[in-house]
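Colleague: Sharing a structure here in structure tokens format.
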Amino acid sequence: MIVRFVEINDIIDNEKGYTEDIVRSYYTEIILVIEKTKKILRKSNAGIKVYYDTNVINQIVVDAVEDLKRIKDFQPIENANAIKEAAYFGFWLNKRKPIHIEGDIYSIEGINDEQTNRQKINCMFINELCTTIYMMPKIFSLSVQADNIKKEQKAVILGNWKKYFDYLIYFFAYRAESPNNIEALLTSLIMQPMWKCKSDFWAVKDV
């Protein structure tokens, strides 16, 4: 196996559907999710500084797109569905870990023990947090703002989401060994979803 450096422009492949605009949109999407993750930390951790490396983000896009292009080489499909795409980008985002922080995590203090623990977890596992924020909205509609949902139901939905959010951070920290097991996790979630799916994945011809 030879390790080689590949620039983001080198992965553009119009024949396989990975045009320059699409490849650039992947990069931009990751940047936006990282900025969203940074805002979550800024709200409660004034002493923590968050940085990210754009070179690493380039590599995330390269790795994910190259993997998805290889799938097309071996399977008779035109496009990878949203689950597979989320799994591959989620895997490489989590593996490459483009975000790093500076500051004393152990000195963080919230208004209570639960909040303090939450803030420390978000800092310690910031890349896993970012991967979760990136991946789930690609599959599910997570909003609970619909008028026909009662206040009690919204509380239950938000409570379930918080519990599963914690599990996903744990999963990406200790269990996400390949894109395949992330894909399996996402596929199992849509079988009995807690949230509305953005697409009927069982009806999609692409895999």
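Colleague: Of these, PHE5, PHE91, PHE74, which one is of a type in the set (Phe, Trp, Tyr) and surrounded by 14 or more Cβ atoms within 10 Å (Cβ to Cβ)?
Modeller: It is PHE91.
Colleague: So which of VAL50, VAL23, VAL33 is of a type in the set (A, V, I, L, M) and not in a helix (DSSP H, G or I)?
Modeller: Matching residue, one of VAL50, VAL23, VAL33: VAL50.
Colleague: Can GLU85 be described as within 25 Å of TYR174 (Cα to Cα) and not aliphatic (A, V, I, L, M)?
Modeller: So GLU85 passes the test.
Colleague: Hey, another quick one. Hey, THR116 hits all of (1) buried (at least 17 other Cβ atoms within 10 Å of the Cβ); (2) part of a helix (DSSP H, G or I); (3) modelled with pLDDT under 95 but one; which does it fall short on?
Modeller: Here THR116 meets the rest and fails (1).
Colleague: Which condition number in (1) at pLDDT below 95; (2) surrounded by fewer than 16 Cβ atoms within 10 Å (Cβ to Cβ) is the one that LYS38 fails?
Modeller: Answer for LYS38: the failing condition is (2).
Colleague: Does ALA155 fit the bill of being modelled with pLDDT of 85 or more and either closer than 16 Å to GLU128 by Cβ or out of contact with any Asp or Glu (no Cβ under 9 Å at 6 or more places or on another chain) (or both)?
Modeller: For ALA155, the condition - modelled with pLDDT of 85 or more and either closer than 16 Å to GLU128 by Cβ or out of contact with any Asp or Glu (no Cβ under 9 Å at 6 or more places or on another chain) (or both) - is not met.
Colleague: From the list LEU68, LEU41, pick out the single residue that is assigned to a helix (DSSP H, G or I) and either acidic (Asp, Glu) or free of Cβ contacts under 8 Å to residues at least 60 places away in the same chain (or both).
Modeller: Just one listed residue meets the conditions, LEU68.
Colleague: If ASN79 passes every condition in (1) under 24 Å from ILE182 (Cα atoms); (2) in a helix (DSSP H, G or I) but one, which one does it miss?
Modeller: With (1) under 24 Å from ILE182 (Cα atoms); (2) in a helix (DSSP H, G or I) applied to ASN79, the lone miss is (2).
The values are calculated or read from the model by the stated rules, or taken from the named source; none is laboratory data. Just so you know, these numbers come straight off a predicted model, no measurement behind them. Glycine also receives a Cβ, built like all others from the backbone with ideal geometry; neighbour counts cover every protein chain displayed.
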